[in-house]
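Reading through the structure tokens given below for one structure.
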Amino acid sequence: MAHRSPPAVRGGIAVRWIALVTGLGLFAFGIVLLLESRLGLSPWDVLSQGIAKHSLLSFGEANIASALVVLVLAWRLGARVGPGTVANAILIGLYLDAFLSLDAVKRLGHEPFAVRVAELVAGILLIGGATALYIGAALGAGPRDSLMLVVSRQSGVRVGIVRTAIESAVTVGGFALGGKVGIGTLAFAVGIGPAVEASFWLLARSPASLPIAPSGPPTMAPSTTEPA
């Protein structure tokens, strides 16, 4: 089967920026749903939670701090940094703190177990959809994926192995700092790939998407990788 690039959002630069900003907002709300489910976070959010517990930073500020450190490291190693990379590093954390300040969101963490399981599932699905929208903007990979790609390129080790190694180390570090690891962490690891792929499939077949070439980058926009 020929390689197919991720779908790109149809429209000019303004439309792509709207897709980027909207996608990052939805991505952040998906993280909030995982957080409020109290069943475990994704690896990088485990680290953000751990950092927040041992500093004066909020959860969102810890997310920004870790993202900026990773961004600088990836850039120093030779990664290409686009406007979407910087936006990813900053906006997700700002969105997180804005959402977490809402009383309605705070109440989500006190719902019965079955409801919190639904929050977990909804969070994973929302992050998958937001990822497709963010990538569809084609304005640059997220900081963590930029690090993954540049380490893989310079070391010659497969991307999947590098990603697993980085996220395993991040999870252990975050857990040591007091971040929440649980069934939600495992569910995220298992479910995020299919959720992103399904979102790509839906976006590619929607009127909002450009036609996808059988190989190479999308027709009018460079391809990027999954945000993080």
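Note on region 1-52: residues that are part of a loop (DSSP other than H, G, I, E, B) and among the small types (Gly, Ala, Ser) amount to 7. The residues in region 45-54 that are surrounded by 23 or more Cβ atoms within 10 Å (Cβ to Cβ) and either of a type in the set (Val, Ile, Thr) or farther than 18 Å from Ser101 by Cβ (or both) can be counted, and the count is 3.
Applying the condition of being farther than 15 Å from Val150 by Cβ and either among the hydroxyl-bearing types (Ser, Thr, Tyr) or in contact (Cβ under 8 Å) with a residue 60 or more places away in the chain (or both) to region 60-73 and asking which residue is surrounded by the fewest Cβ atoms within 10 Å (Cβ to Cβ) yields Leu68. Evaluated against (1) out of contact with any Leu (no Cβ under 7 Å at 6 or more places or on another chain); (2) among the hydrophobic types (A, V, I, L, M, F, W, C); (3) crowded, with 20+ Cβ neighbours inside 10 Å; (4) over 19 Å from Gly178 (Cα atoms), Leu24 falls short on exactly one condition, (1).
Take the conditions free of Cβ contacts under 8 Å to residues at least 24 places away in the same chain, on the phi < 0 side of the Ramachandran plot and among the aliphatic types (A, V, I, L, M) and apply them to Val150. Does it pass? So Val150 does not fit the description; no.
Can you confirm whether Gly12 is closer than 25 Å to Val115 by Cβ and of a type in the set (Gly, Ala, Ser)? Before the answer, list the steps.
Details: closer than 25 Å to Val115 by Cβ: no; of a type in the set (Gly, Ala, Ser): yes.
No; evaluated as a whole, the condition is false for this residue.
On inspection, Ala138 does not qualify as out of contact with any His (no Cβ under 8 Å at 6 or more places or on another chain), buried (at least 21 other Cβ atoms within 10 Å of the Cβ), under 26 Å from Ala208 (Cα atoms) and free of Cβ contacts under 8 Å to residues at least 60 places away in the same chain.
When Leu57, Leu33 are checked against the criterion of being hydrophobic (A, V, I, L, M, F, W, C), out of contact with any Lys or Arg (no Cβ under 9 Å at 6 or more places or on another chain) and either buried (at least 21 other Cβ atoms within 10 Å of the Cβ) or within 25 Å of Leu149 (Cα to Cα) (or both), a single residue qualifies: Leu33. If the condition is being among the aliphatic types (A, V, I, L, M), touching a Ser or Thr at 6+ places or on another chain (Cβ under 9 Å) and assigned to a loop (DSSP other than H, G, I, E, B), then region 128-183 contributes Ala137, Ala138, Leu139, Ala141, Val181.
Which ones in region 74-122 are hydroxyl-bearing (Ser, Thr, Tyr) and either crowded, with 16+ Cβ neighbours inside 10 Å or within 18 Å of the chain's Cα centre (by Cα) (or both)? Even if it seems obvious, please write down each step before you answer.
Restricting attention to region 74-122, the residues satisfying the condition of being hydroxyl-bearing (Ser, Thr, Tyr) are 85, 95, 101.
Result: Thr85, Tyr95.
Every number in this text was worked out from the coordinates using simple rules, so none of it is lab data. If you're wondering where the values come from, they're calculated on a predicted model, not measured in any experiment. Methodologically, a virtual Cβ is constructed for each residue, glycine included, from the backbone with ideal geometry; neighbour enumeration extends over all protein chains shown.
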